[in-house]
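**Student:** Structure in structure tokens, see below.
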Amino acid sequence: MEQQAMSSKKHWRRVAVTAVVLAGLATPAAQAAGTQSDSWQFEVTPYLFGAGMSGTVGVGGVSADVDVSFGDILENFDSGFMMMAEARKGPWGFGFDGIYFKLKDQKTSSWQGPGGIGSATGDLQATMTEQVYSLTAMYRLSDAAIKIDAIGAARYTQLDTDLNLVTTTGPLLPGGTRSLSASESWWDPVIGIRVIAPFAENWTFVGYADIGGFGMGSDITYQAIAGVNWQVSEMFAAKAGYRYFYQDYENDGFAWDMASHGFYLGLGIGF
């Protein structure tokens, strides 16, 4: 019953995100107001994604439940960077979003060995390196007061995972193995929508949703962002908001069913 409930919850999440994307894509391109700039415009945004993580990672039949806050991640943070870049000319835009971070010796909330053998006391530590890079093409459907972009993207993910058994109150892993490692990488096709709406002088709301994978890489992946931008000057824009990013990927004994979610803060530099 619990598995059915989880499956149903995932299903309705996918339906909701898909509905948002399709509703946005249905906006007629004829709404474009023709005020787009004919010169190239560029913006680079270094940012911090203060994410917590919740989900499951599995290597070689051993699965570990991960449920950590941003504070827990900071305690085990080893290295990382995050940056977005966008170039636009007329109705067309091209973007890049890169996330790299490494967590070292993150204690899992529970773990289980093959066939249910193992412990649920959190005696497994995980070292995880995640890299997610997205290349995006955008077309402006509407350039009126409220701007709407249709988005197509290719998202690359690389994961390097080490599961280290520290102690155990039950049977050890098969063959007495105390450490398992795996590295996986894949591409996901992604479609999405972005809405930019001014609500006060120098202030805009930004809403974004995408969905992808479709079994070509991830079984499913989706993302939702809601935030505000404050145009500090002609060159600088402060950005803040909330981001939810989910991936469900399985291949040859490796499993990554993980949601990253939390607030972000960035500084856009335009030129």
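**Student:** Can you tell me how many residues in region 202-245 are within 14 Å of Phe49 (Cα to Cα) and among the hydroxyl-bearing types (Ser, Thr, Tyr)?
**Tutor:** Total meeting the criteria: 2.
**Student:** Note down all Cβ pairs under 6 Å where the first residue falls in region 179-200 and is without any contact (Cβ under 8 Å) to a residue 60 or more places away in the chain, the second is of a type in the set (S, T, N, Q) and not in a strand (DSSP E or B), and they're at least six residues apart or on different chains.
**Tutor:** Short answer, once both residue conditions are applied: Asp188/Ser218.
**Student:** Name the residues in region 135-175 that are over 28 Å from the mean Cα position of the chain (by Cα) and modelled with pLDDT of 70 or more, would you?
**Tutor:** Of everything in region 135-175, those that are over 28 Å from the mean Cα position of the chain (by Cα) and modelled with pLDDT of 70 or more turn out to be Ala144, Ala145.
**Student:** Going through region 128-152 one residue at a time, which ones are within 30 Å of Ser179 (Cα to Cα) and surrounded by 20 or more Cβ atoms within 10 Å (Cβ to Cβ)?
**Tutor:** Met128, Glu130, Val132
**Student:** State all residues of region 241-261 that are farther than 14 Å from Met82 by Cα and out of contact with any Asp or Glu (no Cβ under 9 Å at 6 or more places or on another chain); if no residue qualifies, say none.
**Tutor:** Scanning region 241-261 gives Gly241, Tyr242, Tyr244, Phe245, Gly253, Ala259, His261.
Yes/no per residue for (1) over 26 Å from Gln223 (Cβ atoms); (2) at pLDDT below 90; (3) not aliphatic (A, V, I, L, M):
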position	(1), (2), (3)
Asp72	no, yes, yes
Asp78	no, yes, yes
Phe94	no, no, yes
Gly98	no, no, yes
Gly118	yes, yes, yes
Tyr133	no, no, yes
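The values are calculated or read from the model by the stated rules, or taken from the named source; none is laboratory data. Quick caveat: nothing in here was measured; it's all calculated off a predicted structure. Methodologically, a virtual Cβ is constructed for each residue, glycine included, from the backbone with ideal geometry; neighbour enumeration extends over all protein chains shown.
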